[in-house]
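**Student:** Pasting a structure below so you can have a look.
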Amino acid sequence: MAAMEGKKLNMGDFNSVFAACITLASFTGRQQFEEDGKKLAGMMPVLGRDPTRMDGTLRECATKLTGQVKEEIRAAEHTFEETPRVQEYRKQILKGFENELQNLSEGYSLKQQGELVGEGAIGFHGLLPNINLECFLPENAQRTERTLRDYPLDRFLRLSNEVQAAHVAYVLGKEERGKERNEAMREEIYKKKRELLSVSRELYDKSQRPTPQILALFGKKEYLTRKEGFIGKTGLTGVIGDLEKELGKLPERGFQRAIGSLRKAIGKRSLGPDRA
């Protein structure tokens, strides 16, 4: 059993599922997502009058949508084969939705349970509203591929999604794991977070003087540069600030091992030659 009980899903979570349907319909062109969105819109007044039906209905919808997103990922395995970074970028956008919908299908809400919100979620949600869907058009794929080599949004999203999924798994299961397993899992998460911090700094630096090719990855210039844009507090600035604050408190693993060895040595000497 998970260590933390999921709170009952509410209208805020309903809006998350509805927004996912609408965005996925635009992103994939898949009619099923649009139909699901219309069904949810029709449910909204009923659920608003009868909140007791909210939780079960939303979990069912989120479970269905999670399966559909996974199908979309599998179906797209052979698309953009000549532009692998474009392929990865598109896949990671879908993986971000899969992460969030999976949480809702299990009854866990990022909106209500702040301890589940990690830097990975900030990364995904900071980028998502600002992307230019036209960069995935076949006629633009080669240009997007070249741009991603210099401005690696694909790598940023992959690390964001991996960090967020690992963070949620850690929080939900930490009471069931022993101390050693928790420490090992935390160290793996910190390793990913250091990678995410590195690529976030790279993107932030390159965003200060964006080329026309970089700007083409975003809907408009201000989608990158404005306060609410990708480099703002809800995007790169927030990710970098949170990661620097957390990781700045942590010694590197090698340093931790050295300190541990030193403490053992000091402990043995303090016992005296007959007790070591």
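**Student:** Round to a whole number: what % of the accessible area of the chain belongs to carbon and sulfur, probe 1.4 Å?
**Tutor:** Ligands and nucleic acids excluded, carbon and sulfur reach 51 percent.
**Student:** Just to be sure I understand the curve: with the Debye formula and one point per C-alpha of region 151-193, what is log10 I(q)/I(0) at q = 0.32 Å⁻¹?
**Tutor:** -1.09
**Student:** Something else: Once you have the alpha carbon radius of gyration of region 168-241, what is it after dividing by 2.2 N^0.38 Å, with N set to its residue count?
**Tutor:** 1.50
**Student:** Still on this model: Bin width 5 Å, origin at 0, all Cα-Cα pairs of region 77-203: what percent of pairs per bin?
**Tutor:** 2, 10, 19, 20, 18, 14, 9, 5, 2, 1, 0
**Student:** Same structure, new question: Could you sort TYR89, TYR204 by accessible area so the largest value comes first, with the probe set to 1.4 Å?
**Tutor:** TYR204, TYR89
**Student:** Given H placed on each backbone N at 1.01 Å, which residues far from PHE218 in sequence or on other chains put an amide H within less than 5 Å of it?
**Tutor:** Hits under the 5 Å cutoff: ASN132.
**Student:** In whole Å and largest first, what semi-axes does the C-alpha gyration tensor of the chain yield when each eigenvalue is scaled by 5 and square-rooted?
**Tutor:** 37, 27, 16
**Student:** Please give the peptides 50-59, 16-25 ranked by average Cβ packing (other Cβ atoms within 10 Å per residue), highest first, as a rough proxy for protection.
**Tutor:** In decreasing order of mean packing, 50-59, 16-25 become 16-25, 50-59.
**Student:** Over region 1-113, what per residue volume does the convex hull of the Cα atoms give, in whole Å³?
**Tutor:** Per-residue hull volume (Cα only) is 103 Å³.
**Student:** Using a 1.4 angstrom probe with every protein chain in place, what is the largest-first accessible-area order of GLU77, GLU175, GLU195, GLU183?
**Tutor:** Numbers: GLU77 105, GLU175 135, GLU195 55, GLU183 80 Å².
Heavy-atom accessible area, descending, gives GLU175, GLU77, GLU183, GLU195.
**Student:** Largest first, how would LEU153, LEU128 line up by accessible area (1.4 Å probe)?
**Tutor:** Correct descending sequence by accessible area is LEU128, LEU153.
**Student:** Reachable aspartates and glutamates from LYS193, Cα under 16 Å, same-chain residues fewer than 8 places away excluded?
**Tutor:** By straight Cα distance, LYS193 reaches GLU119, ASP154, GLU162, GLU183, GLU202, ASP242, GLU244, GLU246, GLU252.
**Student:** Output the pairs from LYS39/LYS64; LYS70/LYS220; LYS95/LYS179; LYS95/LYS233 with a Cα-Cα distance over 18 Å in this structure; if there are none, say none.
**Tutor:** LYS70/LYS220; LYS95/LYS179; LYS95/LYS233, as the Cα separations exceed 18 Å there.
The values are calculated or read from the model by the stated rules, or taken from the named source; none is laboratory data. Please read these numbers as outputs of a predicted model, since none were measured by experiment. Backbone-built Cβ (ideal geometry, glycine too); neighbour counts: all protein chains shown. Remember, those area values only see protein heavy atoms, side chains included, never the ligands or the DNA or RNA. Shrake-Rupley method; radii C 1.70, N 1.55, O 1.52, S 1.80 Å.
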